[in-house]
Amino acid sequence: MKIDIVTIFPEAFTPLQVSVIGRARERGLLDVRIWDLRDFTTDRHRQVDDAPYGGGAGMVMKVEPFFAAVDAIRAQRAGATPRVILTSPQGRPLTHDVARELAREKHLIILCGHYEGIDERVREGLATDEISVGDYVLTGGELPAMVIVEAAARFIAGVVGDAASVAADSFAEGLLDYPHYTRPPEFRGRRVPEVLLSGHHDAIRRWRRAQRLQRTLDRRPDLLKAEALGEEDHRLLEDLDVDAGESP
Ligand code: 4FV
């Protein structure tokens, strides 16, 4: 997958040089390029922002540099039509399903905002998608861009060592993950659940499934879709004395 990120802080993307994403780039599974928006300005002050029409606090990012940047990226990156993603609090919430959808693309261009925001004509004329990573305001779109890259890249075959762990991810089945333990079996009086030390693989599988159901019920009942639950889930929920008929 080709990913181009347009930003006024190209130095902010170290996290994409290490760990899973760093290795995926080394192995050619991901081709990530960071573009400095100021390289697409035409004035000697390399101005990327200006005062808002209609007045008001703060500055707005100018439209021309973004169009020039995306034109240059398209020209240099021949091939599939890219999804042009604008990171903003007004966007579609980033979810497991949205990340999996983006992972199917051949080319993503991610535009990072700053200041009060970006001139609306960028959204109208360039962006194919507007995505938010959460209902809060950040100072810039750089962190959201890295969140989008990480979340989508995990679905690309080979990026995460063991694909099973991606399939078992939280949200994969609309369920939160089960608790994980490793040595020592006891720490400061806190013991690892016996079933995990039992070697009884089916009992362990059922315990983990029940934990996923219980946690989702307690913490994110909005995620639990009764129709997505299997026969065994209903039995497990009964054991948790929860009637799975009506959505929680
Ligand atoms: C944001 C978010 C976000 C808003 C003003 C950058 C900032 C500045 N982006 N999800 N939440 N962006 O807060 O994606 O443009």
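The values are calculated or read from the model by the stated rules, or taken from the named source; none is laboratory data. Keep in mind the model is a prediction, meaning the values are calculated, not measured. Note that we place each Cβ from the backbone using ideal geometry, even for glycine, and neighbour counts take in every protein chain shown. Just so you know, the surface numbers come from the protein's heavy atoms only, side chains and all, with ligands and any DNA or RNA stripped out. Shrake-Rupley method; radii C 1.70, N 1.55, O 1.52, S 1.80 Å.
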Neighbours by Cβ (under 6 Å, 6+ apart or cross-chain): first from the stretch 175-190, farther than 26 Å from Arg219 by Cα; second in a loop (DSSP other than H, G, I, E, B): Pro185/Val192
Kindly indicate whether Leu143 is open to solvent by 50 Å² or more (accessible area, probe 1.4 Å), aliphatic (A, V, I, L, M) and under 17 Å from Ile21 (Cβ atoms). yes
Taking the stated definitions as given, is Phe13 aromatic (Phe, Trp, Tyr), open to solvent by less than 70 Å² (accessible area, probe 1.4 Å) and in contact with a helix residue (DSSP H, G or I) (Cβ under 6 Å, 6 or more places away or on another chain)? no
Within the stretch 17-48, of all residues that are open to solvent by less than 60 Å² (accessible area, probe 1.4 Å) and β-branched (Val, Ile, Thr), the one farthest from Val70 (Cα to Cα) is Val20
Residue list for the stretch 106-128, restricted to those being among the charged types (D, E, K, R) and either surrounded by fewer than 18 Cβ atoms within 10 Å (Cβ to Cβ) or in contact with a Leu (Cβ under 9 Å, 6 or more places away or on another chain) (or both): Lys106, Glu116, Glu120, Arg121, Arg123, Glu124
Total residues in the stretch 88-116, condition over 23 Å from Ala51 (Cβ atoms) and of a type outside the set (Lys, Arg): 16
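Does the stretch 155-166 contain at least one residue that is in contact with a Ser or Thr (Cβ under 9 Å, 6 or more places away or on another chain) and either open to solvent by 50 Å² or more (accessible area, probe 1.4 Å) or within 14 Å of the ligand (Cβ to nearest atom) (or both)?
So far as the stretch 155-166 goes, no, none of its residues is in contact with a Ser or Thr (Cβ under 9 Å, 6 or more places away or on another chain) and either open to solvent by 50 Å² or more (accessible area, probe 1.4 Å) or within 14 Å of the ligand (Cβ to nearest atom) (or both).
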Can you tell me which residue is nearest to Gly174 (Cα to Cα) among those in the stretch 89-142 that are in contact (Cβ under 8 Å) with a residue 60 or more places away in the chain and within 8 Å of the ligand (Cβ to nearest atom)? Gly141
